[in-house]
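Bear in mind these aren't lab numbers, they're just calculated from the coordinates by the rules spelled out. Because the structure is predicted, anything quoted here is derived from the model rather than measured. When we count neighbours, we look across all protein chains shown, and the Cβ atoms used for this are built from the backbone with ideal geometry, even at glycine.
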Amino acid sequence: MQLLLIHSDYIEYEVKKSTPVAEEIEESFKTGRLDEALTAFIAVEKIDESSVDEVICKAVAEIRNIAGQVKAENVMVYPYAHLSSDLSSPKVAISVLKGIEKELAGDFNVKRAPFGWYKAFKVSCKGHPLSELSRSIVPEGKSPSCGESVICESEKPEVVSEALKAESTAKSYWHVLTPDGELHDAENFDFTGHENLGKFVDYEISKKRAVERAPPHVELMRRLEIADYEPGSDSGNMRYYPKGRLMKSLLESYVLDESAKTGAMEVETPLMYDMNHPTLKKYLDRFPARQYSIESDKRHMFLRFAACFGQFLMNHDMTISYKNLPMKMIEMTRYSFRKEQRGELVGLRRLRAFTMPDMHSLCTDMEQAISQFDDQYNMCISVLDKIGIKLDDFEVAIRFTRDFYNENKDFITNLARTVNKPVLIEMWDTRFFYFVLKFEFNFVDALAKASALSTVQIDVENAERYDINYIDSNGEANRPVILHCSPSGAIERCIYGLLEKEAMKAEAGGVPILPLWLSPTQVRIIPIAEEHMEFAQQVSEQLNCRVDIDDRSDTVGKRVREAGREWIPYVVVIGDQEVESGNINVTIRAESEPKKPVKVSMTPAQLNARVLAEVEGMPYKGLPLAKMVSMRPKFL
């Protein structure tokens with residue numbers, strides 16, 4: 001069972017339409033409202049069927065516990081299937097929800113929203129540290145009475161850094177910085193013409209991270225056979241099909257190539273570290289993230305959430321001269337691990353296991369660090385642009401201490417001038433973390449939820465913490481200033497951003513398409529009949545790209561529509577005319593409109609030249625699946 005617990009000013013719902021599994025309800029059950037309520041959004045899972053009474057008892061214990069802490073007397077039990085991809089049968093789900101309602105009724109004023117109905121709902125989250133909590137409940141085959149004490153997974157101690165605790169209590173001052181250098185109060189800024197920035201500002205200030213429904217990319221990642229949930233693993237750990245693995249591999253290669261151009265050296269470091277290592281323990285408490293912890297040979301270990309530890313420990317053992325600085329090292333972390341809260345996990349947007357390019361630069365002093373920060377800021381803009389996420393697609397957040405701003409106003413203003421649009425500013429009176437300055441490029445999706453992509457941070461703590469030195473021109477040891485940089489952000493989030501961007505494009509009446517260099521199939525050839533297969537093969541052999549042949553016996557119309565559903569950039573239909581003339585008619589998706597395909601006649605050599613020009617300078621890998629579409633398995 002998955003629980004999302006929201007302490008709210010109010011929760012209200014209204015049923016709109018029944019689904020095939022809807023429970024029968026009376027008229028009075030079609031609307032409901034509770035004020036000053038703890039709302040329990042619940043997804044009953046397949047595993048719960050093994051011990052229904054146990055999961056009811058554990059859920060009741062958890063809800064009672066949190067209700068007691070927030071002093072809530074009203075409880076709304078709300079079925080919410082979006083919290084899981086491995087749901088129980090409707091019959092079991094209804095029995096569990098009713099069981100929870102019944103057990104809570106003696107202690108609270110309880111309402112239950114109906115199961116199996118599409119509902120409109122409004123909830124006003126209170127916004128304190130306990131107002132948004134998620135819990136996982138796993139049956140262990142026991143059948144306690146609900147008066148007994150039960151221990152579920154959610155009650156095991158969670159490793160939470162001091163920085164994460166500080167983040168929840170830190171006093172932030174929110175502003176909007178315009179390219180002319182003016183700081184405006186964020187809540188009073190006129191966002192006309194900058195509506196996306198307005199959504200981002202609201203997301204950041206409200207801190208409402210939980211999702212109410214699945215964003216569009218979740219359906220797309222499955223339909224396009226890129227990725228899917230993995231029910232056999234922990235939530236937030238995904239499976240990637242051949243097309244998704246290809247896209248990830250290409251993105252990884254591209255970011256590493258671009259980093260190498262700046263002089264970054266690629267390294268590899270361990271996935272797990274000793275929780276009690278004195279240096280690492282101190283750093284853990286300075287990084288705002290939740291960790292996975294494991295036991296190994298009686299040692300308390302944690303899975304890395306970035307490549308910082310390994311690179312810093314490596315730096316400590318190195319002999320570094322001022323002549324080597326700025327010195328950059330990068331690792332493509334497969335994987336980084338952060339135990340994000342369950343209610344925040346959705347698709348590729350927020351994961352517990354993700355691939356992140358993590359680059360660190362050692363600089364002689366703050367002046368060099370600021371210069372490198374500016375260079376990497378511009379590099380990140382370029383990297384995202386080539387990936388397909390343009391400057392207009394993301395919003396900029398710049399975060400710093402008040403002292404750093406007062407000393408570097410012109411530099412920070414120039415960051416806004418570089419993107420030539422207003423940016424969100426978060427300022428602190430006191431430095432809570434290891435950095436004095438950071439930026440993020442944030443993609444805002446179809447649900448108005450923001451996700452950070454590229455980032456750079458100026459770190460003023462860890463050189464001393466890890467005893468990292470360089471020898472200056474006088475032969476004396478000095479501490480470097482360290483930059484943390486992820487040129488693209490998590491690789492999975494890049495795919496998420498591209499899918500969300502194209503979903504919004506389609507919603508606005510456009511034709512969705514992936515960048516050609518990332519498209520699993522770049523050209524699809526469709527022979528009309530068996531006698532056209534030989535020429536189709538000849539054409540495919542003249543194309544130096546990922547080309548496949550749809551040799552299935554379906555009608556041409558169906559195969560063309562299927563190519564459209566797969567977002568194939570170039571589609572070639574081969575018939576008698578093409579065989580006789582040697583020319584081919586190519587449907588160009590990037591130039592087409594809905595129901596208005598653009599078709600151009602050209603030679604195979606011309607199509608090949610066009611494709612190569614479009615992907616010039618980008619990484620390339622061959623087809624991830626069989627060339628003949630009839631030979632491919634279905635993953636879903």
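Quick look at the numbers
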{"item": "Burial ordering of Cys545, Cys125, fewest other beta-carbon atoms within 10 Å first", "result": "Cys125, Cys545"}
{"item": "Among Ser136, Met359, Val615 - extreme Cα towards positive end, dipole of the chain, charges at beta-carbon", "result": "Ser136"}
{"item": "Pairs of lysine residues in segment 516-631 - Cα separation under 26 Å, sequence separation of 8 or more or cross-chain", "result": "5"}
{"item": "For segment 397-486, with +1 on Lys and Arg beta carbons and -1 on Asp and Glu, the positive-most of Thr401, Leu424, Val436 along the dipole", "result": "Leu424"}
{"item": "Cβ charges +1 (Lys, Arg) and -1 (Asp, Glu), total dipole of the chain, debye", "result": "900 debye"}
{"item": "³J(HN,Hα) computed for each position of segment 117-124 - Karplus, 6.51 cos²θ - 1.76 cosθ + 1.60, integer Hz, glycine/proline x", "result": "10, 6, 10, 8, 9, 10, 9, 10"}
{"item": "21 Å Cα-Cα threshold exceeded, pairs from Lys98/Lys119; Lys328/Lys421; Lys58/Lys102; Lys30/Lys98; Lys58/Lys91", "result": "Lys328/Lys421"}
{"item": "Lys/Arg +1, Asp/Glu -1 at C-beta; the chain dipole; positive extreme among Ile471, Ile387, Ser95", "result": "Ser95"}
{"item": "Protection proxy ranking, peptides 244-252, 597-605, average beta carbon neighbours within 10 Å, highest first", "result": "244-252, 597-605"}
{"item": "Reachable lysines, given that their alpha-carbon falls under 25 Å from the alpha-carbon of Lys323 and they are not under 8 places away in the same chain", "result": "Lys261"}
{"item": "Residues Phe635, Phe309, sorted so that the one with the fewest Cβ neighbours within 10 Å comes first", "result": "Phe635, Phe309"}
{"item": "Ordering of 396-402, 468-474 by burial proxy (mean other Cβ atoms within 10 Å per residue, highest first)", "result": "396-402, 468-474"}
{"item": "Qualifying lysines (Cα of each under 20 Å from Cα of Lys171; at least 8 residues distant if same chain)", "result": "Lys126, Lys207, Lys208, Lys438"}
{"item": "Packing-based order for 101-113, 568-580, 265-277, 1-13, using average beta carbon neighbours within 10 Å, highest first", "result": "1-13, 568-580, 101-113, 265-277"}
